[in-house]
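Read through the structure below, which is laid out as structure tokens, and then see the notes.
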Amino acid sequence: MDIPSTEKLIGAIVTWVVDEGSYVTKTKLLKLLYLFDVEYYRTHRRTFTGFSWKFYHLGPWAAEFDPALDRLVTKAALLQQRSNSEFESSFYKVAERSDPHEPFCNVKDEQILRGVLRTWGTRSTGEILDYVYFQTPPMEAGSRNAPLDFSVIQPHKPSAYSRSSSGRTRAEIQKLRAAFEAQQVQRKSVQNEPFLFTPPKYDQDYLDAVAKLETA
């Protein structure tokens with residue numbers, strides 16, 4: 001396992017999710033790492049984290065995860081906020097932002113991570129659990145308490161690109177292009193106007209509800 005790269009990956013995931021106004025708990029972070037390893041394996045035929053994933057109670061789990069998380073908290077790279085409710089749970093933020101490109105040496109792998117985060121980063125823990133448990137190949141083919149077999153993941157088969165005709169005349173195309181360019185000019189003028197962004201606020205009732213979901 002490449003510890004520095006995996007720690008950078010964890011930092012990048014937490015940064016992206018929190019920046020999008022969502023939350024990161026221990027369970028959610030673990031499942032997002034698993035989903036990234038699934039998609040990374042699809043391309044490279046190996047996982048990025050090197051974790052020894054196995055079929056556990058709520059789906060994929062790895063013994064290496066807790067020590068990696070503890071190291072980051074000890075180094076104050078991750079900030080841990082414990083819930084005040086009766087349900088023991090922790091929420092994580094980063095001390096310093098980490099962009100999705102930092103764990104990688106090429107744009108292709110960064111795009112794999114961005115794809116996973118765009119799809120799952122702001123979803124609830126329950127939605128992610130349902131998906132990883134029932135719709136990822138290693139879990140579908142897995143047996144409880146046994147190592148997960150990532151070799152059952154099929155590589156993507158890119159479809160051949162073919163450009164089809166729109167059936168429109170040259171005059172119609174020129175008219176549509178002029179209308180599109182006018183819209184772009186108007187959109188840019190709107191984007192340049194100053195605006196105020198109010199970050200989301202989570203009250204204790206929300207944090208308690210998420211903590212309850214974590215223990216369900």
For this session: Provide the packing ranking of 144-155, 14-25, i.e. peptides ordered by the mean count of other C-beta atoms within 10 Å per residue, highest first.
Result: 14-25, 144-155
For this session: Return the long-range amide H neighbours of Val94 (sequence gap of 5 or more, or a different chain), with a cut-off of under 5 Å between placed amide H atoms.
Result: Leu79
Exercise. When all alpha-carbon pairs of the range 76-145 are counted, what percent fall beyond 14 Å?
Worked result: 75
For this session: Calculate, axis by axis, the spread of Cα positions in the range 1-155 along the three principal axes, and write the results as whole Å, longest axis first.
Result: 40, 39, 26
Exercise. Which pairs in the list Lys54/Lys93; Lys8/Lys93; Lys28/Lys212; Lys75/Lys108; Lys26/Lys212 are over 19 Å apart, alpha-carbon to alpha-carbon?
Worked result: Lys54/Lys93; Lys75/Lys108
For this session: Using the number of other C-beta atoms within 10 angstrom as an exposure proxy, rank Leu33, Leu207 with the fewest first.
Result: Leu207, Leu33
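Quick note: the coordinates plus some simple rules give every number you see, no bench work behind them. From a predicted model like this one, the values you see are computed outputs, not experimental measurements. So basically every Cβ, Gly included, is an ideal-geometry build from the backbone, and we count neighbours across all protein chains shown.
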